[in-house]
Every structure is written in structure tokens, then in C-alpha cells.
Amino acid sequence: MRSQSDIYVPHRHTKQPIKLVLQYALLAIVAFLMAFPFLWMVLTTFKTSGNIFRLPPSLIPDKLFGEDPFGNYRLLFSDYNFLRYALNTFVVATLAALGQIITCSLAAFAFARLTFKGSRVIFGLLLATLVLPIEVTIVPEYLIALLVYEPALQAIGLRWIDSLAPLIVPSFFVGATGTFLLREFFSTIPRDLEEAAVIDGASVFAIYRRIFLPLATPALITLFLLAFITNWNDLLRAVLYIKSPNLRTLPIGLALFQDEYATQWDLLLAGSVVTILPLIIVYIFMQKYIVEGIATTGIK
Amino acid sequence: MRYKAYIPYLFLLPTLLGLVLFSLGPTVASFLLSFTEWRGTVLPQFIGLGNYRELLSSRIFWQVLRNTLAYVAIYTPATVAVGLGLALLVNQKLKYIAFFRGIYYLPAITSMVAVALVWNWIFASRYGLINYILRTLGSSRPPNWLADRDTALYVLVIVSVWKSAGLPMMVFLAGLQGIPKNLYEAARVDGATRWHQFWYVTLPMLTPITFFVLIVTLFDAFRTFEVTFVMTQGGPLNASTTLPYYIYQNAFEFFRYGFSSAAAYLLLLVALIITFINFRFRSRWVHTNN
């Protein structure tokens with residue numbers, strides 16, 4: 001990363017007020033276009049139902065002045081199980097992200113520091129998986145789950161299909177983006193740091209655990225957040241594997257909710273806000289880490 | 001470091017297992033399945049190239065392929081261009097610029113399911129925002145957008161570009177900030193205008209990153225699923241069905257696993273051909289003299 005002073009500044013005529021106003025006006029117009037769906041979403045959840053489809057569109061959140069301004073949100077949690085969906089989503093996203101930092105850091109350490117036969121081939125295969133659309137792998141993955149994991153787990157009283165496991169477990173096994181990201185980071189760690197530990201007779205695992213992991217904390221946070229966001233929003237696996245209402249995550253819960261209550265827009269949009277808001281909060285506080293990860297790998 | 005020869009493989013154990021169980025294994029399985037007829041009940045039956053033959057003679061498949069190529073052909077350059085535009089905007093040294101960058105990236109972190117509803121309203125034919133504006137401007141019969149066979153696919157493209165442009169923006173921004181300042185100083189000394197600087201310094205210096213963004217966006221385009229799933233379900237009359245959704249439909253709605261695997265392999269083939277073409281023409285425009 002370059003320091004602030006290295007950054008190219010197109011022109012330094014900062015003392016031209018008209019130009020400055022134009023610059024901010026342009027930035028604000030584009031910001032409005034990008035944020036419009038979110039603004040509208042939030043606004044609508046505070047409208048009374050008669051006010052939602054008015055043309056010209058009404059800008060007044062009239063529900064805010066009524067008796068029960070947060071009624072839509074209250075209903076979601078009291079009558080429609082959204083608290084459960086949110087909890088499931090949180091569990092899935094957290095565990096999957098945890099799985100990613102463990103698996104990817106182990107693999108990245110091996111690729112960055114250890115020499116072994118097949119290193120380049122395995123790394124190449126891993127990167128090649130980035131090219132594979134999930135459509136190519138999801139059908140056999142589902143069939144293997146149906147025919148192998150499910151009967152095997154049922155024999156010991158557990159389940160695979162219609163459980164949260166298929167949304168979490170794959171993240172404990174493979175992650176091309178994360179491995180790539182961490183390998184880049186590990187490669188920048190100076191070798192002197194580990195040499196002292198080697199002389200002291202530390203094992204390879206101890207070097208990974210006590211030197212590389214602590215030094216990579218920012219990169220690990222980045223990876224955790226990227227994986228958290230991806231898994232929070234994941235829809236396809238939830239559509240395939242989740243059957244019980246109690247196991248729904250927010251994206252699938254919201255999609256089915258939209259099918260079922262297609263007319264209650266204020267309620268549906270409140271559901272959308274509930275689905276998005278936690279991520280926006282995470283993003284606001286962790287922007288620095290997220291941006292760095294994307295700039296390094298270019299991949300979500 | 002000294003270690004036994006098997007130690008590195010211990011570090012790679014989860015990854016190797018994962019490759020076998022969740023990506024390469026299923027990829028091979030999918031390839032084998034594509035030569036069978038299987039509806040999940042009795043055992044798969046080997047039918048040779050039957051699925052491929054059926055696909056290539058199916059009118060719907062060709063329509064879906066056309067949709068896919070149209071989607072990719074518009075979505076990819078549009079996303080790259082919008083991403084570059086946004087990056088240029090937030091590369092200005094102004095107060096609160098981080099705030100704007102944050103807003104521009106917001107769509108990229110949000111769930112498609114959650115924003116689909118608002119976009120449905122924006123493009124709704126009778127109560128929608130856009131048609132309200134068009135009618136106010138005097139259009140008597142504005143398009144039906146999502147309900148019209150001629151426009152549904154393009155609405156999906158617009159929503160996808162809005163949703164995805166933040167990612168290329170971030171990558172371009174990193175690229176812009178990596179361009180050495182002295183190049184601009186030299187250009188200015190030679191009397192280059194801002195436009196000349198952009199055209200002769202910024203753009204050429206960005207070409208390697210542009211190529212990278214192009215390839216990543218291309219793959220993204222070939223796996224678009226969620227926006228179709230939540231906004232149109234491929235309708236009306238398959239007008240907005242692209243290959244990923246077609247594969248999903250055949251596998252999980254019609255339970256034709258073998259057939260859908262064959263479609264998945266055709267998708268992979270098309271994606272690889274287009275990527276290959278891009279690599280072929282890389283040296284024509286990507287600037288590399290370091």
C-alpha cells in the first residue's frame with residue numbers, strides 16, 4: 001500500500017470554489033443514484049399502506065407520526081420469525097468465515113513457505129476453481145449429499161439435507177480467493193522473523209501459529225469479513241438444502257416471504273432492511289479491511 | 001525450516017479434501033453425468049451424447065444461449081466502464097471522499113433478494129417510478145419492462161451493473177493510485193491537457209488492471225443467477241433465462257440431472273472460449289513495458 005502522499009492528485013486547484021461545488025454535486029448525484037433503492041426501502045417501511053403506491057410517489061413517511069411507527073419491524077420479529085432467520089444467518093456466516101480463515105491460512109502458509117512436490121500443480125488447480133461456475137459443481141454436490149452424506153449421517157442420528165451444515169461445512173474445506181489473498185500476505189513477511197524461531201527449535205506448526213497468524217491479523221480480519229458478507233447473502237445453497245421454516249436464513253426467508261405476502265410491501269421492505277442493515281453496519285466499521293482485501297485480489 | 005516431507009500436506013489436508021469433495025470431484029462427476037439420463041430415481045443410464053444432441057436441437061436452449069451472450073456482451077463492458085467511472089470520481093483528493101466511496105460500494109455488499117423488491121417497483125409497468133416519469137414526460141405507452149419479452153433481460157443487466165460496479169471500482173482505484181506521479185508531471189511539462197493526460201497516461205497505465213477486471217467480470221457474467229431467480233424467474237416465456245438459471249431449472253425443477261450437467265458443460269465451454277479469445281487479443285491493447 002502506498003502512503004497518502006504518494007497518491008496521484010489530478011489537479012491542485014483546490015481554491016476554486018465553483019469547481020469544488022461542481023465536484024461535490026457530481027459526487028452527490030452519483031451517490032443518490034447508487035443509494036436510491038436503499039433510501040426508498042427505508043422510507044417505505046415508515047409509510048402507511050395507503051401511501052405506498054401513490055403517484056406521484058410520496059416522500060412523506062407518515063407512519064412515523066402515527067401510533068406505531070416501528071410496527072412493520074415489530075411484526076417481523078413477533079409474528080414472522082425474522083429473529084430466527086437472522087440468528088441462523090449469523091451462525092452460518094460466522095462459522096463459515098471462521099472455517100475460511102483456518103483452511104485458507106493453513107494452505108496459504110504451505111504455499112508461501114514450504115517446499116513440496118506438487119506445490120505448483122495444487123495451487124494451479126485451486127486457482128482454476130475460480131473459473132468454475134457453481135452451476136457446474138452444484139448438481140453433483142447436491143446429489144452426493146443426497147446419496148452419500150445424508151444416509152451416512154442419518155445412520156448416526158444426524159442430518160445433512162435440511163440442516164445448516166451444507167451452508168457451513170464447505171467453507172471449512174476450500175477457499176481459492178482466501179488462500180490467494182493470504183499467500184500474498186504471507187509472502188511479504190520477512191524470513192528473518194522465522195529464522196530465530198527455527199534456531200530455537202520451533203516446529204513448523206508453531207511457526208505458523210505463533211509468527212505467521214499474529215502478523216497476518218489484518219489480512220485474517222479482511223478474509224473473515226469478505227467471507228462473512230458472501231455467506232450472509234448466499235442464496236443458492238439455502239434454496240437447495242433448507243426445507244424447515246426454522247432453519248431458513250435471511251435471503252431464503254425473505255425470498256419465500258416475498259412469494260407469500262406479495263401485497264404487503266411495507267412489511268416486505270422492512271424484511272429487506274433487516275437483511276441488509278447488519279451488513280451495512282459491519283461495512284461502515286470495517287471498511288478499511290474490506291477495501292484492502294478487494295484491492296488485493298479483485299474478487300469478492 | 002526443517003520438516004518431514006509429509007508435513008506440507010497436513011497443512012493442505014482440508015484444501016485437498018475440499019478440492020475433491022466440493023469442486024474438482026463434482027466437476028468430474030458432472031462431466032460423467034452429462035452422458036447419462038438420470039432423474040434421480042433409478043440408476044443413471046448411459047446415453048452417450050444424447051443430452052448434448054437434445055440441447056443443440058432444442059429451440060429453448062438456443063434462445064437461452066442467445067440471451068446469455070447478449071447479457072454477457074452488455075453487462076461486461078458496462079460494468080467495467082461504470083467501475084472505471086466511479087473509480088475516477090472517488091480518486092479525487094477531497095474531504096469526505098471516503099464517505100462517497102462507501103456509498104458507491106454499498107450495492108455490492110447487499111443481498112440481491114433484499115434489493116430486488118425495490119427494483120421491481122422502479123420498473124413496474126403501472127405503478128413504477130420510471131414509467132411514472134416517462135408518462136409525465138409525455139410517453140403514452142411506456143415499456144412494460146420486466147413483463148415484456150423485449151426488455152426483461154435488459155432490466156436484469158441494468159440491475160446487475162448497479163449491483164456489481166463497486167468491485168471493479170475498488171480494483172481500478174487501487175490501480176489509479178499506483179500510477180507514478182512523475183508521469184503526469186512529465187506530461188504537464190509537455191503541455192498535455194487533463195484530457196490528454198487521461199488518454200495518454202491514465203488509460204494506458206491502467207490496461208493491465210483493466211484486463212484483469214475484464215476477465216473477473218466476464219466470469220461473473222457467466223454465472224449470474226440470483227438476479228434472475230429473484231426478479232423474473234427467467235420470464236416472460238424464457239426471455240430473460242440465461243444459462244445458469246436454465247441449469248438450475250433443469251436440475252432442481254425438472255429433475256433432469258444428466259441434461260442439466262450437459263448444459264453446465266456447454267456453459268463452461270462457451271465461457272472458456274470467450275476467455276481464450278480475450279487472452280488472444282490481450283497484446284493488442286494491454287500496455288506492458290516494465
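The values are calculated or read from the model by the stated rules, or taken from the named source; none is laboratory data. All values derive from a computational prediction rather than experimental measurement. Glycine gets a Cβ as well: all are built from the backbone with ideal geometry, and neighbour counts include every protein chain shown.
For this structure, a couple of remarks:
- When residues of segment A:66-91 are limited to those that are surrounded by 19 or more Cβ atoms within 10 Å (Cβ to Cβ) and within 22 Å of A:ALA227 (Cα to Cα), the one nearest to the chain's Cα centre (by Cα): A:THR89
- Pairing each residue of segment A:36-59 that is more than 7 Å from chain B (Cβ to nearest Cβ) and closer than 19 Å to A:LEU75 by Cα with any residue that is aromatic (Phe, Trp, Tyr) and outside any loop (DSSP other than H, G, I, E, B), provided the two are 6+ apart or on different chains, yields C-beta distances under 7 Å for A:THR44/A:TRP265; A:ILE52/A:TRP265.
- The one condition in (1) crowded, with 16+ Cβ neighbours inside 10 Å; (2) in a helix (DSSP H, G or I); (3) of a type outside the set (Lys, Arg) that B:GLY234 fails to fulfil: (2)
- Answer from A:LEU75, A:LEU59, A:LEU33, A:LEU26 - the residue that is modelled with pLDDT of 90 or more, touching a Leu at 6+ places or on another chain (Cβ under 9 Å) and not aromatic (Phe, Trp, Tyr): A:LEU26
- Filter result for A:GLY293 (touching a residue at least 12 places away in the same chain (Cβ under 8 Å) and under 29 Å from A:SER58 (Cα atoms)): no
- If only residues of segment A:236-250 that are under 18 Å from the mean Cα position of the chain (by Cα) and closer than 15 Å to A:TYR80 by Cβ are counted, the one that is farthest from the other protein chains (Cβ to nearest Cβ) is A:ARG248.
- Residue in segment B:255-264 that is surrounded by 18 or more Cβ atoms within 10 Å (Cβ to Cβ), within 24 Å of A:TYR241 (Cα to Cα) and free of Cβ contacts under 8 Å to residues at least 40 places away in the same chain present: yes
- Of all the listed residues (A:LEU127, A:LEU147, A:LEU193), the sole one being at pLDDT below 90, assigned to a helix (DSSP H, G or I), more than 10 Å from chain B (Cβ to nearest Cβ) and farther than 23 Å from A:ALA227 by Cβ is A:LEU193.
- From the list B:THR217, B:THR202, B:THR241, B:THR224, the lone residue that is in a helix (DSSP H, G or I), under 19 Å from the mean Cα position of the chain (by Cα) and at pLDDT 90 or above is B:THR217.
- Among the residues listed as B:ARG126, B:ARG135, B:ARG149, the single one being part of a loop (DSSP other than H, G, I, E, B) and free of Cβ contacts under 8 Å to residues at least 60 places away in the same chain: B:ARG126
- Selection status of B:TYR96, hydroxyl-bearing (Ser, Thr, Tyr) and within 24 Å of the chain's Cα centre (by Cα): no
- Taken over segment A:70-117, the criterion of being away from chain B (no Cβ under 13 Å) and hydroxyl-bearing (Ser, Thr, Tyr) is satisfied by A:TYR73, A:SER78, A:TYR80, A:THR94.
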